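Have a look at the structure below before the remarks.
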Amino acid sequence: MGMSDTLQVTKGKDTVRSYRAVKDKSEPKSEQVLCQNRYFCPTCASYLWAHSEEWPEWIYPYASAIDTELP
């Protein structure tokens, strides 16, 4: 988990895509709750990070997508 304002996409920012999963598809469409936005590479389908509007200051990067030293 990290601060949203620290995310820097250095290559391919214009190709990154997002997806919002439904928590429970057995619920009627009008009552379905969406999960956070999940960002991925459309070419190789690598999961990059997740971000929730519920907690806009936080970002949840997938470990293999981090290419800088961690604190």
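The values are calculated or read from the model by the stated rules, or taken from the named source; none is laboratory data. Model, not experiment: these values are computed from the prediction. Cβ: placed from backbone, ideal geometry, glycine included. Neighbour counts: every protein chain shown. The protein model used for the area step is the full one, side chains on, heavy atoms only, and it has no ligands, DNA or RNA in it. Shrake-Rupley method; radii C 1.70, N 1.55, O 1.52, S 1.80 Å.
Please report, in debye to the nearest 20, how large the charge dipole of the chain is about its Cα centre when each Lys and Arg carries +1 at its beta carbon and each Asp and Glu carries -1 there.
360 debye
Normalised by the number of residues in the chain, what is the relative contact order in percent for Cα pairs under 8 Å and 6+ residues apart?
Relative contact order for the chain comes out at 30 percent.
Between CYS41 and ASP24, 0.36 nm times their residue separation minus their Cα-Cα distance comes to what?
Residue separation times 0.36 nm, minus the Cα-Cα distance, leaves 3.6 nm.
Taking the alpha-carbon distance from LYS13 and a cut-off under 16 Å, which aspartates and glutamates remain once sequence neighbours fewer than 8 residues away in the same chain are dropped?
ASP5, ASP67
Nearest 0.05, what FRET efficiency do GLU31 and TRP58 give at R0 = 22 Å with Cβ-Cβ as r?
0.25
May I ask you to order 36-44, 24-32 by the average number of other C-beta atoms within 10 Å around their residues, highest value first?
36-44, 24-32
When a/c reaches 1.5 or more, the comparison of a/b and b/c decides; with that in mind, is region 3-57 rounded, prolate or oblate per its Cα gyration tensor?
Oblate.
Please calculate how many Å² of accessible area the chain carries per residue, with a 1.4 Å probe and no DNA, RNA or ligand atoms counted.
So the chain comes to 83 Å² accessible per residue, rounded to a whole number.
Considering amide H positions built from the backbone, and no H for Pro or chain starts, which residues 5 or more places from TYR62, or on another chain, come under 5 Å of its amide H?
TRP49, ALA50
Measure off, as a whole percent, the carbon and sulfur share of the 1.4 Å-probe accessible area of the chain, all protein chains present.
Answer for the chain is 53 percent, counting heavy atoms of protein chains only.
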